[in-house]
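The values are calculated or read from the model by the stated rules, or taken from the named source; none is laboratory data. Only a predicted model underlies this, so the values are computations on that prediction, with no experimental measurement involved. Counting neighbours? That spans all protein chains shown, and the Cβs are built from the backbone with ideal geometry, glycine included. Just the protein is used for accessible areas: all its heavy atoms, side chains included, with ligands, DNA and RNA removed. Shrake-Rupley method; radii C 1.70, N 1.55, O 1.52, S 1.80 Å.
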Protein chains: 2
Amino acid sequence: MAITTEPDRIDVEALRTLLDGRWAHVRRLARDTLRGELFAPVYGLDMAAHRERVARQLAALAETEIPSYGFPASVGGRDDVGASMVAFEMLVCDLSLMVKVGVQWGLFGGAVQSLGTEPHHRAYLAKIMSVELPGCFAMTETGHGSDVQRLRTTAEYDRAAEEFVVTTPDEAARKDYIGNAARDGRMAVVFAQLVTRGERHGVHALLVPIRDEAGRPLPGVRIEDCGPKAGLNGVDNGRLWFDRVRVPRAALLNRYGDVDADGTYRSPIANPNRRFFTMLGTLVRGRISVAGGANSAAKAALAIAVRYADARRQFERPGGEGPASEVPLLDYLAHQRRLLPALATSYALHFAQEELVSTLHDGWTGTPLDEHRQRELEARAAGLKAVATWHTTRTVQECREACGGAGYLAENRLPQLKADSDVYTTFEGDNTVLLQLVAKGLLTNYREEFGSLDAFGMARFAAGQFVGAVIERTAARALIDRLVGAAPGRGEEADLYDRAWQYRLLEDRERHVVEGLARRLRGAGSDPATAFAAFNDAQDHVLKAGRAHVDRVVLEAFIAAIDRCVNPDARWVLDRLCDLYVLSLVEADRAWFLEHGRLTPARAKAVTAAVNSLCRRLRPHAAALIDAFGLPDAWLAAPIALGAEVDRRRGG
Amino acid sequence: MAITTEPDRIDVEALRTLLDGRWAHVRRLARDTLRGELFAPVYGLDMAAHRERVARQLAALAETEIPSYGFPASVGGRDDVGASMVAFEMLVCDLSLMVKVGVQWGLFGGAVQSLGTEPHHRAYLAKIMSVELPGCFAMTETGHGSDVQRLRTTAEYDRAAEEFVVTTPDEAARKDYIGNAARDGRMAVVFAQLVTRGERHGVHALLVPIRDEAGRPLPGVRIEDCGPKAGLNGVDNGRLWFDRVRVPRAALLNRYGDVDADGTYRSPIANPNRRFFTMLGTLVRGRISVAGGANSAAKAALAIAVRYADARRQFERPGGEGPASEVPLLDYLAHQRRLLPALATSYALHFAQEELVSTLHDGWTGTPLDEHRQRELEARAAGLKAVATWHTTRTVQECREACGGAGYLAENRLPQLKADSDVYTTFEGDNTVLLQLVAKGLLTNYREEFGSLDAFGMARFAAGQFVGAVIERTAARALIDRLVGAAPGRGEEADLYDRAWQYRLLEDRERHVVEGLARRLRGAGSDPATAFAAFNDAQDHVLKAGRAHVDRVVLEAFIAAIDRCVNPDARWVLDRLCDLYVLSLVEADRAWFLEHGRLTPARAKAVTAAVNSLCRRLRPHAAALIDAFGLPDAWLAAPIALGAEVDRRRGG
């Protein structure tokens, strides 16, 4: 990209319009709705008071149009799944509320909608939207968190009574960490091994009432509070045990598997693995939502830290004297490097998120995605969830440190953002497991080459085609093809700021890492006894493949977003921000590029110099870039982000 | 080092003896003393209850010999400063207690001892040891945290009354974040600009009473609570304002500067800069203590995460069936890479800490260090503090994630360890500032070469010779010289496990980075107007120089510790652990080694393979390595580290 004239000021509104994107009206509604005392960030509440507050917030949201977005028109919803995910990500005033909303309308309501059929929808969805029926998504067990397929709760069909008997066979099988369980939930979607006529049919979900109208646990249901957590203490996580709890046959969410009155099992999907992953696949919304919510927390932290760094001064310039000659923290290169590449990454992830939400939405409301695209969507959801949540963990930490002691005070919100967002890397799929899913999906493209991929411990993940990621340009494909096709510079001669060169660098890395991994695993043979060792020895390589894929996909989304931007100054700053995003990635992994002859030592050093130079050039625009996120001051709440530092220096 | 026979089991006691080191008796005393309900880790206390509990713990410790270690025999102390620092680092049962102890006996008592003279010692130290006089160390101001020399509180001598008048001139000058101020402190060591006869003499410290016997603020003193923090809520941080508060002339801690009755100022150190840094230098204990305390938190987190990873199983081996064929998390390479290099680093930092404490102790109790060695000690304290506290922040975070949802539950202690230790990177000197101090000290060796180093914004740091780090082998110098001198392998041919090659690699990196930095700054000219820009442009280079220095010094300490180990099996595992420490460092920075022709691409890849191989070989010994830390189960407290996972799998 040619470097155009450097603007003095960036039009914040132009940037915000681009960021607000397709669901701008939902973002505006959220900004208008989440106001006043009820939605102001708070700290220092004890667990009971925090839960109470979040329950009140949830009830207030139930009065708005927000819950209707994600549900079908047949029950009074708006069939606007994209809007529901954007609304979720806007709930940054309290991440406990975000998660509570996710549990009630996303996981619980989403499971009833996606795994259930018309009678379930008619009976429950309206009450779920209104929170008349608060519910739980009871999948995770203490003994099996990541390995859902092996969970041990059973639902055995009793033909005589035409009922299922739900049982927790041992301590490892208790449902654990279940949101809404400790205090509010009346019903749970319980995932259990379905047994009928003495035969097991794998994991299915059933609706099990857990509390009566008065809030007392029902007979046979034991409920325990998980107790205080690092954060998210406004969410009432609990544990559930079922002692031969009976539910009617109709309690089975029977879209993908049903049991006749006589106990005959039937399913539209014959292969049990494929059935399992199809069922899980319908829950992809949760992972996408978490990625977006995590990035919201990163944006809020960056907004606080950048504003503080812009106002806070420390140490005088040589030759200066007096407070005015003290240097704002954001003028220091080290401080810029802490915050600005992270800011660029939050922009990149924002655009990738918007694109993923759009793809899901279009498949949901228009022409359904074919199986290939559906698997690709699931892979991207898994990958983006991992990358976005790790970005958030690192960024909020960096922001806390960048604000020094002020960042450690509860009133400045960073402690709560850190504590609350910390578990995003774990829930809805542990990141390490998710990146392996992405990589295994990428490897399915090589299956013909080495036949027995299943031996490599991948049967449960990849063989069922749970994830089928591809090394293929998809986001704005025509745009990327044109970009790469038209570019003249190659290798050493290409400008570091040449977007085509940048893109090819990431694309080439992805292909090389995945191909190398495929060769490596193929070379290891297919004996199950040695397969685990071979796969495990390559685990760092596996994770790298997943990561490389996500990086490239995110860059595509950033490029496509810039292409949509019509304001020249906003476009200029986005171009620099995209440079910073991709060159920071290249810098962080430049050892790989050096090891594989993709960068010479001189060029690798030039990448570092370019990152420094971009930090300097973007520094004057940092505050505008933050403002464009459109996070109301009331949501940031931190005095250090709202003028306290400036006032103090003025003697206020 | 030749790879000797791989032992089946490691003698934990042999390792612990080595780790317990010179002050083993203090570590044993702490393990015996910090027992029972009073010292058990707790969570979920509100701020008031937590402060109350920590105050009771402090009172109980005052009954032991622990407070006496750090104080002179003349007032009933034991003159064993090393013991006082080791005792501090053992207070890992609650980091709030650790910090409270640090404030009362380390900072407050230490300042009275180091900056005061005999009359102050006689009047106060016994009461400080017994906590009859709880006190504060009031240095930091809201407007000046890192830049202490520019703090704005004034202490103006009133000749007529023979008193100092202590004043907070504006909001930026209020004392902030002062431990012991919000609740318990009766007196404060207040750092202020000393003014007498209308002349300023720079920062000095005075004893200012702040509360009466009943705990009420004294006239002219305003006290505010800093309120809830991310962690350490058992410590009562507060803010102090002084409105023309009068204290007698004798309140001045007058070891390095005094005022006669007639207002004449006198000091044994003529140069005001040098005086300032000499005064700060006496407070070096605080930084060393923080480094040790931080590593204790990292060890506790690693103990919890390694034990859990050893017991927790997830996913079956291919071809297996049933719980017994599920794979312990610690068998996964990705999990090993999360925890084992961090474990190796905690060992390395432990030995570096022990050495630094010993050096300080010997200078304190025996032959005082000459100025060169004193500056070197200060540089190492600054550097080790930065590196150890960042290690802790990263490691506790990694441990939390490695324990998944269990790591997010308050009962499993990781949330508290994370929240409490998070500010260690900030207090006692922000890490970014400290690493710059180290680098600037290293540059003083090049001063002759470019004369006007002062122009590079370094006047206040380096010109006063505050820090004079040197590229010089100091820890176990003869040992290192012998090691490096005797080694045959060079360059490509050397074994990656050849300690001499490893050492030279780090030494060479340090020299190259520092020399390059010196050249770069010299080339930038000496005009003050451009000097800031030149220095700022090189800030990432500056930080790298500081870091490279610390890495090499820490490796020396590790090598010296292995040399002290007489048990062959323990020595074998320490050798591998040292390999993992240094090769992890090299791997993380292999881009630099590639860019500077120190590693070929093939060799860089071999380093990664070696790290993986070391993880595999150390995995069977991970539990023993953790046990050797000697952290009592009662301090870990986390159910997941104490058999809950094993019990659960047994159906318990």
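In whole percent, and with a 1.4 Å probe on the protein chains, what portion of the accessible area of the stretch A:284-641 is carbon and sulfur?
Values: 5410 of 10300 Å².
Roughly 53 percent of what the probe reaches on the stretch A:284-641 is carbon or sulfur.
What relative contact order, as a whole-number percentage, does the stretch B:82-232 give when Cα pairs under 8 Å and 6 or more residues apart are counted?
Numbers: 241 pairs, mean separation 30.2, N = 151.
Averaging sequence separation for qualifying contacts and normalising by length gives 20 percent for the stretch B:82-232.
Among the lysines, which fall within straight-line cross-link reach of residue B:605, defined as a Cα-Cα distance under 24 Å, with same-chain neighbours fewer than 8 residues apart omitted?
Excluding near neighbours in sequence, the set is A:440, A:544, A:605, B:544.
Given the options B:602, B:218, B:423, identify the residue whose Cα lies farthest towards the positive end of the charge dipole of chain B (+1 on Cβ of Lys, Arg; -1 on Cβ of Asp, Glu).
Final value for the positive-end residue is B:602.
Please enumerate, by chain and number, the aspartates and glutamates with C-alpha under 13 Å from the C-alpha of residue B:175, excluding those fewer than 8 residues away in the same chain.
The qualifying aspartates and glutamates are B:141, B:224, B:225, B:243.
Note the distances from residue A:319 to each other copy's matching label point, with points 7 Å along the Cα-to-beta-carbon direction, in nm, sorted shortest first.
7.4
Just from the alpha-carbon atoms, what are the Rg and Dmax of the stretch A:19-64 in angstroms?
Using the Cα atoms of the stretch A:19-64, the pair Rg, Dmax is 13.0, 39 Å.
What do you get for Rg/Rh of the stretch A:68-166 when both radii come from the Cα atoms and Rh is the Kirkwood radius?
Numbers: Rg = 15.7 Å, Rh = 15.2 Å.
A ratio of 1.04.
How big is D, in µm² s⁻¹, for the stretch A:284-641 by Stokes-Einstein at 37 °C and 0.692 mPa s if Rh is the Kirkwood radius over C-alpha pairs? List each step's numbers first, then the result.
Numbers: Rh = 21.5 Å.
Approximately 152 µm²/s, per Stokes-Einstein.
Residue by residue through A:319-325, how many Cβ atoms from other chains fall within 10 Å of the Cβ on average?
Values: counts 7, 3, 0, 0, 4, 0, 0.
What the average comes to for A:319-325 is 2.
Which residues of the stretch B:563-606 end up with at least 10 Å² less accessible area in the presence of all protein chains than when their chain stands alone, using a 1.4 Å probe?
Residues shielded by partner chains are B:590, B:591, B:594, B:595, B:596, B:601, B:605.
Using only the alpha carbons of chain B, what is the convex hull's orientation-averaged projected area in square nanometres?
Details: hull surface 121.3 nm².
The Cα convex hull of chain B, projected and averaged over all directions, gives 30.3 nm².
List the residues, sorted by chain then number, that are 5 or more residues from residue B:174 or on another chain and whose placed amide H is less than 5 Å from its amide H.
Result for residue B:174 returns B:142, B:143.
Counting heavy atoms of the protein chains only and a 1.4 Å probe, report the per residue accessible area for chain B as a whole number of Å². Display every interim value, and only then the final one.
On the way: 21690 Å² over 652 residues.
Value for chain B: 33 Å² per residue.
Note the full-extension length gain between residue A:48 and residue A:9 as 0.36 nm times their separation in residues minus their Cα-Cα distance, in nm to one decimal. The partial results should precede the final answer.
Details: separation 39, 0.36 × 39 = 14.04 nm, distance 4.71 nm.
Gain on extension, residue A:48 to residue A:9, equals 9.3 nm.
Quick one: which residues, 5+ away or cross-chain, put their amide H under 5 Å from the amide H of residue A:232? H built at 1.01 Å from N.
So residue A:232 has HN proximity to A:420.
Mind putting together the pair-distance distribution for the protein assembly as shown? All Cα pairs, 20 Å bins, whole percent per bin, short to long.
10, 39, 37, 12, 1, 0
If we hang a label 7 Å off Cα along the beta carbon direction at residue A:11, how far is it from the matching labels on the other copies, in nm, shortest first?
Those separations, rounded to one decimal, come out as 7.7 nm.
What ranking, highest mean first, results for peptides A:353-361, A:296-304, B:70-78, A:248-256 when packing means the other Cβ atoms within 10 Å averaged over each residue?
Details: A:353-361: 22.8, A:296-304: 27.9, B:70-78: 17.6, A:248-256: 19.6.
Result, highest mean Cβ count within 10 Å first: A:296-304, A:353-361, A:248-256, B:70-78.
With point charges of +1 on the Cβ of Lys and Arg and -1 on the Cβ of Asp and Glu, referenced to the Cα centre of the stretch B:514-585, which listed residue (B:582, B:570, B:535) lies farthest in the positive direction of the dipole?
Final value for the positive-end residue is B:535.
Counting only protein heavy atoms, what percent of the accessible surface of the stretch B:60-114 is carbon or sulfur at a 1.4 Å probe?
Details: 570 of 1140 Å².
Of the solvent-accessible surface of the stretch B:60-114, carbon and sulfur hold 50 percent.
How large are Rg and Dmax for the stretch A:208-325 when only the alpha carbon atoms are used, in Å?
In Å, with Rg to one decimal and Dmax whole: 26.7, 90.
Run the numbers on the stretch B:147-184: which residues show a drop of 10 Å² or more in accessible area, chain on its own versus all protein chains together, using a 1.4 Å probe over heavy atoms?
By number: B:147, B:150, B:152, B:171, B:172, B:177.
Would you calculate the volume per residue, in Å³, of the smallest convex hull containing every Cα atom of the stretch B:1-147?
Values: hull volume 29.9 nm³, N = 147.
So the per-residue Cα hull volume is 203 Å³.
Where in chain A are the helices, taken as whole DSSP H runs, whose Cα atoms extend 27 angstrom or more along the long axis and whose Kyte-Doolittle mean reaches at least 0.0? Don't jump to the answer; show the numbers that get you there.
On the way: long enough: A:284-311 (41 Å, 0.53); A:333-365 (47 Å, -0.04); A:371-402 (45 Å, -1.00); A:499-523 (36 Å, -1.12); A:539-564 (38 Å, 0.13); A:568-588 (30 Å, 0.48).
Sorted by number, the helices that extend far enough and score high enough are A:284-311, A:539-564, A:568-588.
Could you give P(r) for the stretch B:495-612, binned at 10 Å from zero, as whole percent values over all Cα-Cα pairs?
Using 10 Å bins, I get a P(r) of 12, 37, 27, 15, 6, 1 for the stretch B:495-612.
Residue A:46 label points, 7 Å along Cα→Cβ, one per copy: pairwise distances from this copy to the rest in nm, shortest first?
Spacings between copies for this position, smallest first, are 0.6 nm.
Go through the stretch B:593-600 residue by residue and turn each phi into a ³J(HN,Hα) via Karplus (6.51, -1.76, 1.60, θ = phi - 60°); whole Hz please, and just put x for glycine and proline.
Residue by residue, the stretch B:593-600 yields 5, 6, 4, 9, x, 8, 10, 7 Hz.
Below 17 Å, Cα to Cα, which lysines can residue B:299 reach? Residues fewer than 8 away in the same chain don't count.
The qualifying lysines are B:385, B:418.
Rounded, prolate or oblate: which fits the stretch A:121-160 when a ≥ b ≥ c are the square roots of the eigenvalues of the alpha-carbon gyration tensor, with rounded for a/c under 1.5 and prolate only if a/b beats b/c? Intermediate results must be reported in sequence, preceding the final value.
Working: a/c = 3.52, a/b = 1.46, b/c = 2.41.
Oblate shape, in that a/c is at least 1.5 and b/c is the bigger or equal ratio.
Mean separation of Cα pairs under 8 Å and 6+ residues apart, divided by the residue count of chain B: what relative contact order is that in percent?
Values: 1103 pairs, mean separation 102.9, N = 652.
Relative contact order, chain B: 16 percent.
In whole angstrom, note down how far apart the Cα centers of the stretch B:28-73 and the stretch B:315-363 are.
29
If you average the C-alpha positions of the stretch B:253-282 and of the stretch B:144-173 separately, how far apart do those two centres end up, in angstrom?
15
Could you work out the helix-only [θ] at 222 nm for the protein assembly as shown, with each DSSP H run of four or more residues adding -39,500 (n - 2.57) and the total divided by the number of residues, to the nearest 500 deg cm²/dmol?
Details: 50 runs with 652 residues, N = 1304.
Value at 222 nm, helices only: -16000 deg cm²/dmol.
Give me the net charge of residue A:227's neighbourhood, meaning all other residues with Cβ under 14 Å from the Cβ of residue A:227; Lys, Arg count +1, Asp, Glu -1. Can you show the working numbers first?
Numbers: positive: A:51, A:183, A:229, A:239, B:413; negative: A:46, A:176, A:224, A:225, A:236, B:411.
Value of the local net charge: -1.
Please give the total accessible area that chains A and B bury against each other, computed with a 1.4 Å probe and expressed in Å² to the nearest 100. Walk me through the intermediate numbers first.
Numbers: alone 25100 and 25060 Å², together 43420 Å².
What A and B bury together is about 6700 Å².
Calculate the dipole size of the protein assembly as shown relative to its Cα centre from +1 charges on Lys and Arg beta carbons and -1 charges on Asp and Glu beta carbons; express the result in debye to the nearest 20.
Values: 164 positive and 170 negative charges, 54 e Å.
For the protein assembly as shown, the charge dipole is close to 260 debye.
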